[in-house]
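Q: I'd like to ask you about the structure that follows.
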Amino acid sequence: MAAAAGLALFGTLGSAASSALAESRGRLGALTTFLLTASGVAFGGIGAAFWGLFGGLVIFWLVERPGAD
């Protein structure tokens, strides 16, 4: 039963990922945030949610900020 529920969520996940990555500006930051958060990485007792947001913001600031061209 749990497997069927998990399979049913693939459409929702695909739709959310498509929306998040649709616009080219912010795509790399959004992808970095997702991957770090989904990885479950934890450093210094700080969880993946923080590192995901932190990593996404750093990538956005370094690569995709206005004037970074």
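Q: How far is helix 48-59 tilted off the main Cα axis of the chain, in degrees rounded to 10, range 0 to 90?
A: It works out to around 40 degrees.
Q: Using Cα atoms only, what is the angle between the long axis of helix 27-39 and the major principal axis of the chain, expressed in degrees (0 to 90) to the nearest 10?
A: The helix 27-39 is inclined about 50 degrees to the chain.
Q: For the chain, what is the mean residue ellipticity at 222 nm derived from helices alone (per DSSP H run of n ≥ 4: -39500 (n - 2.57); sum divided by total residues; nearest 500 deg cm²/dmol)?
A: Helix contribution divided over all residues of the chain: -19500 deg cm²/dmol.
Quick note: the coordinates plus some simple rules give every number you see, no bench work behind them. Predicted model only: the values in this text are computed from it and were never measured.
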